[in-house]
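One structure is given here, and the rest of the page talks about it.
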Amino acid sequence: MSVALTAVVLLAGAVVAGAVVAHALTAPMSDRIDSAPLFAPPTDREPDVAGYGQEQLAHACAILAAGRDLGMDERDQTIAVMTAMGESSLRNIDYGDWETSGVTNPDGSRTTSIGLFQQQDGWGSREARLDPYTAASFFYRAMIARVPDRTALKPTLVAHRTQVNADPLHYERFWDRAVRVVAALNAAPLPGDRIDGITVCPAPTTHE
């Protein structure tokens with residue numbers, strides 16, 4: 001190939017490349033994404049069930065384990081998971097309504113809620129309330145004592161009477177998600193859910 005022809009080829013290539021770059025910079029965003037998939041953001045994300053990630057699902061497993069050890073049935077266990085969703089989004093947080101919203105008790109004292117179930121001092125020590133298994137055990141024992149007729153009540157009312165919270169319907173919107181999480185963690189995901197990459201709960205064992 002002659003020097004002149006080589007120069008023409010290189011010049012043409014540069015023009016085409018410049019046109020492509022110009023289009024990429026000036027085209028609408030939708031066109032850029034469609035025509036340049038290599039620049040699309042990665043789609044990999046942490047596996048989840050109903051929007052709850054691995055750490056939250058591990059907390060749900062602790063709640064289920066505590067319920068099994070106390071002989072609670074699956075509905076009671078699902079109510080407990082629903083309650084923790086409504087209280088802390090299944091996160092074991094060391095703060096509560098006082099710190100976030102300045103909420104006080106009826107007598108005007110500051111609330112001391114912490115943990116998965118946002119339990120105050122009267123439920124147990126700080127250490128115990130921040131242990132997911134122990135906090136769940138506190139919840140179940142209160143459920144047994146405070147709601148003996150729970151099988152005849154809506155789940156949100158069972159949670160309300162156990163937690164003694166302000167709104168009896170507060171937990172209702174979390175029920176369907178709790179059902180999905182419990183099913184998945186029991187290795188029986190509902191249609192539309194997957195457990196690929198999800199650590200399901202171990203078989204029932206005695207908690208030491």
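The values are calculated or read from the model by the stated rules, or taken from the named source; none is laboratory data. Computed from a prediction, not measured in an experiment: that's the story for all the values here. Cβ coordinates were reconstructed from backbone atoms using ideal geometry, including for glycine residues, and neighbour counts include every protein chain displayed.
Key figures
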quantity: Residue count, the range 157-208 (criterion: of a type outside the set (A, V, I, L, M, F, W, C), crowded, with 17+ Cβ neighbours inside 10 Å and under 15 Å from Tyr52 (Cβ atoms)); calculated: 3
quantity: Filter result (closer than 16 Å to Ser88 by Cα and either in a loop (DSSP other than H, G, I, E, B) or within 19 Å of the chain's Cα centre (by Cα) (or both)) within the range 100-118; calculated: Val103, Thr111, Thr112, Ser113, Ile114, Gly115, Leu116, Phe117, Gln118
quantity: Sole residue being modelled with pLDDT under 95 and of a type outside the set (Lys, Arg), chosen from Pro168, Pro132, Pro202, Pro189; calculated: Pro202
quantity: Unmet criterion (only one of (1) farther than 19 Å from Gly71 by Cα; (2) in contact (Cβ under 8 Å) with a residue 60 or more places away in the chain; (3) outside any loop (DSSP other than H, G, I, E, B)) for Leu157; calculated: (2)
quantity: Criterion: assigned by TED's automatic domain parsing to the domain that holds Ile63 and surrounded by fewer than 16 Cβ atoms within 10 Å (Cβ to Cβ) - qualifying residue of Gly96, Gly115, Gly86, Gly122; calculated: Gly122
quantity: Residues of the range 117-135 that turn out to be under 17 Å from Gly86 (Cα atoms), among the hydrophobic types (A, V, I, L, M, F, W, C) and touching a helix residue (DSSP H, G or I) at 6+ places or on another chain (Cβ under 6 Å), as a count; calculated: 2
quantity: Flag if Glu127 is free of Cβ contacts under 8 Å to residues at least 40 places away in the same chain, among the charged types (D, E, K, R) and in contact with a Pro (Cβ under 8 Å, 6 or more places away or on another chain); calculated: no
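Okay, residues lined up against (1) outside any loop (DSSP other than H, G, I, E, B); (2) of a type in the set (D, E, K, R); (3) under 15 Å from Lys154 (Cα atoms):
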{"position": "Asp76", "(1), (2), (3)": "yes, yes, yes"}
{"position": "Val81", "(1), (2), (3)": "yes, no, yes"}
{"position": "Tyr95", "(1), (2), (3)": "no, no, no"}
{"position": "Trp98", "(1), (2), (3)": "yes, no, no"}
